[in-house]
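S.K.: Here it is, the structure, as structure tokens.
The values are calculated or read from the model by the stated rules, or taken from the named source; none is laboratory data. Remember, predicted model here, so these are calculated numbers, not experimental data. Please note: Cβ atoms are built from the backbone with ideal geometry, for glycine as well, and neighbour counts cover all protein chains shown.
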Amino acid sequence: MTDLHRLSIRELSEGLKTAQFSSRELTEHYLKRIAHIDPKVKSYVTVTAEQALAEADAADAALKSGNAHALAGIPLAHKDIFCTQGIKTTAGSKMLDNFISPYDATVVAKAKAAGLVTLGKVNMDEFAMGSTSENSYVGATSNPWALDHVPGGSSGGSAAAVAADLAPIATGTDTGGSIRQPASFCGLTGLKPTYGRVSRFGMIAYASSLDQGGPMARSAEDCAYLMNVIAGHDAKDSTSINKEVDDYVANLNGTTVKGLRIGIPKQYFNVAGLDADVKARVEESLKKLEEMGATLVEIDLNMTEAYVPTYYLIAPAEASSNLSRFDGVRYGYRCENPVDLMDLYKRSRSEGFGAEVQRRILIGTYALSAGYYDAYYVKAQKVRRLIQQDFLKAFENVDVIAAPSAPTTAYKIGANLSPTEMYLGDIYTLAVNLAGLPAINAPVGFDKDSLPVGLQLIGNYWSESQLLSIVHQYQQNTDWHTKRAAIAEENA
Ligand code: GLN
């Protein structure tokens, strides 16, 4: 079969169960595509061909015995921020160029237990800091829709791999938009779950109070399958919640769009820098949802101007603390011939971290230092609470909130935006993490340059089923999610 990469997760699951093809054939098919097409996309940092084939054989044996998990034998790619036992985990940093974790992240362990096959680890901005994936020490990944454009970030490798049909699904992480924005730039569906829904154990920490893992795929249905595997309480992550997990697949038709109240924040659609095509496509998608029976309700989110400064204070503060462990002593990069301990710390960190990571460590350390702590960090925490309350007030009157995922489509590689210009591009995604809410990106068309545009739907706490269901029904009535980049049409 030459078109196995066209199949959805449900179709792959059925095909494997009924022995139309084996996991080995499917895995070989993807490995071949990666070998032929990924040199142009550069989404993978590490391809684990040998291990993937062994996992595929094990899945085939389980499938034969008749008691395999629904996803057994289906390949996936992991963002290189999830620790994988025996496989290099770099987090996109020279600091971890040779780091081999002695254990699996819970997300990875759960995927393995379900019989999913790991194709490899995919590229990302260093320590998940960025919006283009250019901040990776191995270099930029291309957007499959236009190879001279970025796939977004920080989970840009995950997005590019799925969009080029080099993996049917991928894991990503989202601290301030890193699942939703690359999903938007690459025409994919990506879900950022409620904080605490997916275990952070073994996910290299950027900003611990904001980080959350989630699925990236071609459709809401595919995301639902992966959510069924990775969601749930984990005793190894004290911030994961002990709350029953929905059956996201069974619930795909559980929410009716008819009668759904969708909040449209006035402030969001007047943002300077919102591209006209993005605005038009998002408004058309909302019109479609209206035709399907939803009611659009104008709402106020008055804290919008505070999102960027609040996030870019709290996230670097937490990062400066989390990244202090990379000191060249226990693991990670160590400079050559240190003259003393201070020199070892200083040069290992200066040589091991890239410019953006160093910028954030400096900002975070400053904001947390005695004398500035109350003025910056404590103040930002108070504003964070106000941002959360703004959302909770809105949810008294609407079921979900609609927004673009990003004000623009994908940037050109090397566009060299200043840090503040880059940070402003995160305007629509940051508040969701500050409030700990779930949100989803769905592809809703293209701009004048044929680059994908995404709609973001933000839900109340634990509303993942509802978000997936709304997008699923939108996708039953539209075909944007079935569009493929030209490079994905290439056969290996
Ligand atoms: N672009 C944002 C940042 O650079 C978000 C990144 C993320 O979600 N990991 O921090």
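S.K.: With the structure loaded, tell me whether ALA161 is assigned to a loop (DSSP other than H, G, I, E, B), under 22 Å from HIS36 (Cα atoms) and small (Gly, Ala, Ser) or whether it fails that test. Before the answer, list the steps.
M.R.: On the way: assigned to a loop (DSSP other than H, G, I, E, B): no; under 22 Å from HIS36 (Cα atoms): yes; small (Gly, Ala, Ser): yes.
Judged against the criteria, ALA161 is not a match.
S.K.: Here is a check on your reading of the model: is GLU11 surrounded by fewer than 19 Cβ atoms within 10 Å (Cβ to Cβ), among the acidic types (Asp, Glu), within 19 Å of ALA114 (Cβ to Cβ) and at pLDDT 95 or above?
M.R.: Numbers: surrounded by fewer than 19 Cβ atoms within 10 Å (Cβ to Cβ): yes; among the acidic types (Asp, Glu): yes; within 19 Å of ALA114 (Cβ to Cβ): yes; at pLDDT 95 or above: yes.
Taking the combined requirement at face value, the residue satisfies it.
S.K.: With the checklist (1) part of a loop (DSSP other than H, G, I, E, B); (2) free of Cβ contacts under 8 Å to residues at least 60 places away in the same chain; (3) within 14 Å of the ligand (Cβ to nearest atom) in hand, flag the one item GLY364 doesn't pass.
M.R.: (1)
S.K.: Among what's in segment 198-207 and is within 15 Å of ASP234 (Cα to Cα) and assigned to a loop (DSSP other than H, G, I, E, B), pick the residue that is nearest to the ligand (Cβ to nearest atom). Steps first, please.
M.R.: So in segment 198-207, the residues within 15 Å of ASP234 (Cα to Cα) come out as 198-203.
When the remaining residues are screened for being assigned to a loop (DSSP other than H, G, I, E, B), the result is 199-202.
Details: SER199: 17, ARG200: 13, PHE201: 18, GLY202: 16 Å.
Looking at residues that are within 15 Å of ASP234 (Cα to Cα) and assigned to a loop (DSSP other than H, G, I, E, B), I get ARG200.
S.K.: Looking only at residues that are over 17 Å from ALA207 (Cβ atoms) and without any contact (Cβ under 8 Å) to a residue 60 or more places away in the chain in segment 380-391, which one is surrounded by the fewest Cβ atoms within 10 Å (Cβ to Cβ)? Give the steps one after another, and end with the answer.
M.R.: Our first condition is that a residue be over 17 Å from ALA207 (Cβ atoms); within segment 380-391, this holds for 382, 386, 389-391.
From the residues that got through so far, the ones that are without any contact (Cβ under 8 Å) to a residue 60 or more places away in the chain too are 382, 389.
Values: LYS382: 9, GLN389: 12.
By that ranking, first place goes to LYS382.
S.K.: From the list GLY436, GLY459, GLY454, GLY414, which residue is surrounded by fewer than 22 Cβ atoms within 10 Å (Cβ to Cβ) and touching a helix residue (DSSP H, G or I) at 6+ places or on another chain (Cβ under 9 Å)? It would help to see each step written out before you state the result.
M.R.: Numbers: GLY459 fails: surrounded by fewer than 22 Cβ atoms within 10 Å (Cβ to Cβ); GLY454 fails: surrounded by fewer than 22 Cβ atoms within 10 Å (Cβ to Cβ); GLY414 fails: touching a helix residue (DSSP H, G or I) at 6+ places or on another chain (Cβ under 9 Å).
One residue alone meets the criteria, GLY436.
S.K.: Against the conditions (1) loosely packed, with under 15 Cβ neighbours inside 10 Å; (2) within 13 Å of PRO75 (Cβ to Cβ), where does GLU28 fall short? Just the number, please.
M.R.: (1)
S.K.: Under the condition of being in contact with a strand residue (DSSP E or B) (Cβ under 9 Å, 6 or more places away or on another chain) and under 21 Å from TRP462 (Cα atoms), which residue from segment 161-180 is farthest from the ligand (Cβ to nearest atom)? First the steps, then the outcome.
M.R.: Going through segment 161-180, the residues in contact with a strand residue (DSSP E or B) (Cβ under 9 Å, 6 or more places away or on another chain) turn out to be 161-163, 166-174, 177-180.
Restricting the remaining residues to those that are under 21 Å from TRP462 (Cα atoms) gives 171-174, 177-180.
Numbers: THR171: 13, GLY172: 9, THR173: 6, ASP174: 5, GLY177: 5, SER178: 3, ILE179: 7, ARG180: 8 Å.
Filtering first and then ranking leaves THR171.
S.K.: So which of LEU467, LEU455 ends up being in a strand (DSSP E or B) and away from the ligand (no atom under 16 Å from the Cβ)?
M.R.: Values: LEU467 fails: in a strand (DSSP E or B).
Testing whether each residue is in a strand (DSSP E or B) and away from the ligand (no atom under 16 Å from the Cβ) leaves just LEU455.
S.K.: Check whether at least one residue in segment 141-158 is outside any loop (DSSP other than H, G, I, E, B), within 13 Å of the ligand (Cβ to nearest atom), polar (S, T, N, Q) and crowded, with 24+ Cβ neighbours inside 10 Å, and report yes or no.
M.R.: Taking every residue of segment 141-158 in turn, at least one turns out to be outside any loop (DSSP other than H, G, I, E, B), within 13 Å of the ligand (Cβ to nearest atom), polar (S, T, N, Q) and crowded, with 24+ Cβ neighbours inside 10 Å.
S.K.: Still on this structure: Return the residue satisfying two criteria in turn: it lies in segment 98-126 and is under 23 Å from PRO39 (Cα atoms) and not in a loop (DSSP other than H, G, I, E, B), and of such residues it is nearest to the ligand (Cβ to nearest atom). If you could, list the steps in order and put the result at the bottom.
M.R.: Taking segment 98-126 and keeping what is under 23 Å from PRO39 (Cα atoms), we get 98, 117-126.
Keeping just the survivors that are not in a loop (DSSP other than H, G, I, E, B) gives 117-122, 126.
Working: VAL117: 26, THR118: 22, LEU119: 22, GLY120: 20, LYS121: 16, VAL122: 14, GLU126: 10 Å.
Per the stated criteria, the residue is GLU126.
S.K.: With respect to VAL432, is the statement that it is touching a strand residue (DSSP E or B) at 6+ places or on another chain (Cβ under 9 Å), hydrophobic (A, V, I, L, M, F, W, C) and within 12 Å of the ligand (Cβ to nearest atom) true? If you could, list the steps in order and put the result at the bottom.
M.R.: Details: touching a strand residue (DSSP E or B) at 6+ places or on another chain (Cβ under 9 Å): yes; hydrophobic (A, V, I, L, M, F, W, C): yes; within 12 Å of the ligand (Cβ to nearest atom): yes.
The answer is yes for VAL432.
S.K.: If you don't mind, there's one more thing I want to ask. Which of the residues spanning segment 313-328 are small (Gly, Ala, Ser), crowded, with 16+ Cβ neighbours inside 10 Å and away from the ligand (no atom under 16 Å from the Cβ)? Before the answer, list the steps.
M.R.: We begin by selecting, within segment 313-328, every residue small (Gly, Ala, Ser); these are 315, 317, 319-321, 324, 328.
Retained after the next criterion (residues that are crowded, with 16+ Cβ neighbours inside 10 Å): 315, 317, 319-321, 328.
Once the filter is applied, which keeps residues that are small (Gly, Ala, Ser), crowded, with 16+ Cβ neighbours inside 10 Å and away from the ligand (no atom under 16 Å from the Cβ), segment 313-328 yields only GLY328.
S.K.: Condition (residue is away from the ligand (no atom under 12 Å from the Cβ) and of a type outside the set (Ser, Thr, Tyr)) applied to segment 130-139: is it met by at least one residue?
M.R.: Yes, because at least one residue in segment 130-139 is away from the ligand (no atom under 12 Å from the Cβ) and of a type outside the set (Ser, Thr, Tyr).
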